[in-house]
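The values are calculated or read from the model by the stated rules, or taken from the named source; none is laboratory data. These numbers were taken from a predicted model, which means no experiment stands behind them. Cβ placement follows ideal geometry from the backbone for every residue including glycine, while neighbour counts extend to all protein chains displayed. Side chains are part of the model used for accessible areas, which takes the heavy atoms of the whole protein and leaves out ligands, DNA and RNA. Shrake-Rupley method; radii C 1.70, N 1.55, O 1.52, S 1.80 Å.
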Amino acid sequence: VAPANVLLKGNSPVILIIAPSFPVAFPDYEHGQIVAAAKKLGFSEVIEVAFGAELVGRAYRQYIEQHRDDTLISTACPSIVNFVEKYYPNIIPYLVPIVSPMIAAARAIKRKYRPGSKVVFAGPCVAKKHEREISELEDDVDVVLTFPELCRMFEESNIDPSKLDPLEFDGP
């Protein structure tokens, strides 16, 4: 939580990208109330990572068309990738070399949509923190939060999403 707070106090715009599973983590609030709460924390924009999933889906389609006869393993889950790397390194060549929706969304934001911004991801899985630390990916997402950590940020800032008017998601 502290690294996200440091970014929010800086001079760069900070964009929250949130996993599409967020309604399960915040069942008592309207979707737009989570957007409003995040903006009240200081995030300049809130974008659903489903946008990144769309980009990844397109990349998979192209890759599969070019490798129709190959054995392929696809996964956006860093836990599965870690499992394969640790216990089945012989099948690493079959992993499709396409980044996760989190990374795809962050890259699109930083490279095209809002260059110069910082990106914070919020999602359900602690394995995303490890994914963010992979050397070739570490510049894409600046901070990874779990949903409980985002909730703690709301609590520490005395933000009750249920008392906020819903806002629309930003971005594409």
Item to check | From the options PRO27, PRO20, residue that is of a type outside the set (Ser, Thr, Tyr), open to solvent by 30 Å² or more (accessible area, probe 1.4 Å) and within 24 Å of ASP140 (Cα to Cα) | outcome: PRO20
Item to check | Scope region 85-126; condition part of a helix (DSSP H, G or I), surrounded by fewer than 17 Cβ atoms within 10 Å (Cβ to Cβ) and of a type outside the set (Ser, Thr, Tyr); matching residues | outcome: GLU85, LYS86, PRO89, ASN90, ILE91, ILE92, PRO93, ARG111, LYS112
Checklist entry - Residues in region 4-17 that are open to solvent by 20 Å² or more (accessible area, probe 1.4 Å) and either in contact with a Pro (Cβ under 6 Å, 6 or more places away or on another chain) or in a helix (DSSP H, G or I) (or both): how many? => result 4
Item to check | Every residue from region 152-172 that is among the aromatic types (Phe, Trp, Tyr) and closer than 20 Å to VAL1 by Cβ | outcome: PHE154
Checklist entry - Picking from SER162, SER79, which residue would you name as being modelled with pLDDT of 95 or more, part of a helix (DSSP H, G or I) and either charged (D, E, K, R) or surrounded by fewer than 18 Cβ atoms within 10 Å (Cβ to Cβ) (or both)? => result SER162
Checklist entry - Is it true that LEU72 is open to solvent by 20 Å² or more (accessible area, probe 1.4 Å) and of a type outside the set (Gly, Ala, Ser)? => result yes
Item to check | Boolean, VAL35 is part of a helix (DSSP H, G or I) and either over 18 Å from ARG114 (Cβ atoms) or aliphatic (A, V, I, L, M) (or both) | outcome: yes
Checklist entry - Out of the residues in region 127-144 that are among the aliphatic types (A, V, I, L, M) and not in a helix (DSSP H, G or I), which is surrounded by the most Cβ atoms within 10 Å (Cβ to Cβ)? => result VAL141
Checklist entry - Just wondering, is there one or more residues in region 128-142 that are β-branched (Val, Ile, Thr), under 15 Å from the mean Cα position of the chain (by Cα) and on the phi < 0 side of the Ramachandran plot? => result yes
Checklist entry - Hey, VAL1 hits all of (1) of a type in the set (Val, Ile, Thr); (2) open to solvent by 70 Å² or more (accessible area, probe 1.4 Å); (3) farther than 22 Å from ASP165 by Cα but one; which does it fall short on? => result (2)
Next on the checklist: Please go through (1) touching a residue at least 24 places away in the same chain (Cβ under 8 Å); (2) in contact with a strand residue (DSSP E or B) (Cβ under 9 Å, 6 or more places away or on another chain) for GLU85 and return the number of the only condition it doesn't satisfy.
Outcome noted: (1)
Checklist entry - Which pairs have Cβ atoms under 7 Å, sit 6 or more apart or on different chains, and link a residue in region 39-61 that is of a type in the set (Phe, Trp, Tyr) and surrounded by 21 or more Cβ atoms within 10 Å (Cβ to Cβ) to one that is at pLDDT 95 or above and not in a helix (DSSP H, G or I)? => result PHE43/VAL14; PHE43/ILE15; PHE43/LEU16
